[in-house]
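Structure, as structure tokens:
No value in this document is a laboratory result; all are computed from the given coordinates. Owing to the predicted nature of the structure, the values given are computational and were not obtained by experimental measurement. Using ideal geometry, Cβ is built from the backbone for each residue, glycine included, and neighbour counts are taken over all protein chains shown.
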Amino acid sequence: MKLLNFEFKAHLHDAAQVRATLKRLRARFLGTDRQVDTYFRVPAGRLKIREGRIENSLIFYQRTNSAHARRSAVEMMLLPRRNSVRAILSRALGVLAVVDKRREIYFVGNVKIHLDRVRGLGTFVEVEAMTRTGDIGKVRAQAAKFQKLFAISPADIVPLSYSDLLLEKRAARGS
């Protein structure tokens, strides 16, 4: 499945306020999932396998690291819960990083909202306005709308993926 997203990730300071906004919007709550994302070494973009109770998929995406909502081209394949894809890709490509998180998953129409507690990094909100038709103007506007609804300041936007943040943290510790 190919998707175009307009997305942002931000430090989460007030989860209760975000949840209240989601309730007011009658967001559909899919549940809370413990997800382990294994990122593989690839020459371009990012390739990861997501393993959880709710979501299991192989995901390749390309996007710039920028401190604002940004476009992301995503290719995703749903996987059965128990599979050997991680083991095969680990041997073939090597593991770059492993992200372990507890994720609350919500939907408001085509917009997916995550409230994440990432081991070693803290808490975040992530918004992905998704389209299959390529209407990037619509999803860009949706991402901006949710940034305002959640009262997220530009300074709170995180330009990097969780894997990049963990790699930076590891490099700073010198390990």
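Observations on the model:
- Over the residues of the chain, the helix contribution to mean residue ellipticity at 222 nm works out to -8000 deg cm²/dmol, using -39500 (n - 2.57) for each DSSP H run of at least 4.
- Counting only residues at least eight positions apart within a chain, or on another chain, the aspartates and glutamates with an alpha carbon under 19 Å from that of residue 138 are 7, 126, 128.
- Projecting the Cα atoms of 162, 30, 94 onto the charge dipole of segment 2-173 (Cβ charges, centred on the Cα centre) puts 30 farthest toward the positive pole.
- Local electrostatic count, residue 93, Cβ distance below 15 Å [Lys/Arg +1, Asp/Glu -1]: +4
- Most mobile listed residue (87, 144, 73) in the chain, GNM with C-alpha springs under 10 Å: 87
- Dipole moment magnitude, nearest 20 debye, the chain about Cα centre, only Lys, Arg, Asp, Glu C-beta charged: 300 debye
- Ranked by how many other beta carbons lie within 10 Å on average, peptides 44-51, 29-36 from highest: 44-51, 29-36
- Environment charge at residue 45 (Cβ cut-off 11 Å; Lys +1, Arg +1, Asp -1, Glu -1): +2
- Highest-MSF residue in the chain out of 160, 96, 25 [GNM, Cα springs under 10 Å]: 25
- For segment 2-173, a Kirkwood radius taken over Cα pairs fed into Stokes-Einstein (4 °C, viscosity 1.567 mPa s) yields D = 78 µm²/s.
- The H on the amide N of residue 30, modeled in the peptide plane, is under 5 Å from the matching H of 105, 106, 107, each at least 5 residues off or on a different chain.
- The residues neighbouring residue 33, those whose beta-carbon lies less than 11 Å from its own, together hold a net charge of +2 under the Lys/Arg +1, Asp/Glu -1 convention.
- Contour minus Cα-Cα distance for residue 102 and residue 68 (0.36 nm per residue): 9.9 nm
- For the listed residue pairs 101/145; 112/148; 23/48; 145/169; 148/169, the alpha carbons are over 23 angstrom apart in 101/145; 23/48; 145/169; 148/169.
- For segment 94-100, backbone phi angles converted through the Karplus equation (6.51, -1.76, 1.60; θ = phi - 60°) give residue-by-residue couplings of x, 8, 8, 6, 10, 10, 10 Hz, Gly and Pro being listed as x.
- Ordered by the count of other Cβ atoms within 10 Å of each Cβ, fewest first, 148, 112, 138, 23 give 148, 23, 138, 112.
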